[in-house]
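Visitor: Below is the structure I would like to discuss, written out as structure tokens.
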Amino acid sequence: MQTGEKIRRFYEALLAAYGPQGWWPADTPFEVAVGAVLTQNTAWRNVERAIANLRREGLLSPEALARVDAERLAACLRPAGYFRIKAGRLKNFIRLLTERFGGRLEDLFALSTSELRETILGVSGIGPETADSIVLYAAHRPVFVVDTYTARVLHRHGLAEQDATYADLQELMQSSLPDDVEVFQEYHALLVAVAKRHCKKRRPVCPGCPLEPFLEEGQPVTPMW
DNA sequence: TGCCAGGCCGGGT
DNA sequence: ACCCGGCATGGC
């Protein structure tokens, strides 16, 4: 079976098993962007605490974040780890938003998809995954978000090489799937869901991984767990 | 008690 | 063009 078809079957199996994930877990596009920066190499539970702090302090807006001093911001971000670094990164993003787009996310999102991605990538502290998370889940543009889970799951199922780059994996997913925002949103979320349960880091393979049968020709795309 | 969590930067080869 | 140390809290 072609890799592309396996990737599509994989999606059907995951969706049948877990159902729609409804990502991103945030109330507004702006909160998606904030969360995307805060969740860099960090458990989401800890990000939630930091966002709760920001909300309690009335800092969940571009205007408030533009004004707040770095020290107070960092204090709010403490539970999310790397809190001084992330305070600076958030400030960098807010500076772009304020100085070039009047603090209006809608104006930033008025750019074409590729311009939008490149503009966000230009912020120091925002790399490909963070940028693509914002583009896909806040701006609702069809760009696939690659993360460590994506790489691990694809590699363990023989769908990608271990040394595949971010761009390699993104191209693989986008060329295998319909150009559909909702599919990209769900697929990424489903990969996170399945990796957390069946694809732990220290384990070199996934013995008895329940997804393996669905990658074989002729097998029903129906989960058994 | 280490290892891991929805990365990324900057300096060095 | 890669490679690596650093950044940090919280859960298991």
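What follows is calculated from the coordinates using simple rules that are stated; it is not laboratory data. Since this is a predicted model, take the numbers as computed values, not measurements. Cβ sites come from the backbone with ideal geometry, for glycine too, and all protein chains shown count toward neighbours.
Visitor: Can you tell me how much longer the chain between residue A:175 and residue A:46 gets when fully stretched, taken as 0.36 nm per residue apart minus their C-alpha distance, in nm with one decimal? Walk me through the numbers before you get to the answer.
Guide: Details: separation 129, 0.36 × 129 = 46.44 nm, distance 3.40 nm.
This chain segment gains 43.0 nm when fully extended.
Visitor: Right, here's the next one. Each label point is 7 Å from the Cα along the Cα-to-Cβ direction; what then is the distance between the points at residue A:63 and residue A:166, in nm?
Guide: Going by the 7 Å Cα→Cβ label model, 3.3 nm.
Visitor: Please arrange A:44, A:23 by how many other C-beta atoms lie within 10 Å of their C-beta, fewest to most.
Guide: Ordered from fewest to most neighbouring Cβ atoms within 10 Å, A:44, A:23 come out as A:44, A:23.
Visitor: Say R0 is 45 Å: what FRET efficiency, to the nearest 0.05, do residue A:55 and residue A:2 get from their beta-carbon distance? If you can, show how the numbers build up before the last one.
Guide: Numbers: r = 46 Å, r/R0 = 1.03.
In this case the efficiency is close to 0.45.
Visitor: Over the range A:29-137, what is the mean sequence separation of C-alpha contacts under 8 Å (at least six apart), divided by residue count, expressed as relative contact order in percent? Please list the in-between numbers first.
Guide: Numbers: 110 pairs, mean separation 31.3, N = 109.
Computed over the range A:29-137, the figure is 29 percent.
Visitor: To the nearest 20 debye, what is the magnitude of the charge dipole of the range A:29-137 about its Cα centre, counting +1 on the Cβ of each Lys and Arg and -1 on the Cβ of each Asp and Glu?
Guide: On the way: 15 positive and 13 negative charges, 100 e Å.
So the dipole magnitude of the range A:29-137 works out to roughly 480 debye.
Visitor: What is the calculated FRET efficiency for residue A:82 to residue A:148, with r their C-beta to C-beta distance and R₀ = 25 Å, to the nearest 0.05?
Guide: Values: r = 16 Å, r/R0 = 0.64.
The computed FRET efficiency comes out at 0.95.
Visitor: Measure out, as a whole number of angstrom, how far apart the alpha-carbon centroids of the range A:110-172 and the range A:82-96 sit.
Guide: Using only Cα atoms, the two centres lie 20 Å from each other.
Visitor: Hey, what did chain A get for relative contact order, percent, Cα under 8 Å, at least 6 apart? Could the numbers behind the result be given before it?
Guide: On the way: 252 pairs, mean separation 62.9, N = 225.
For chain A, the relative contact order is 28 percent.
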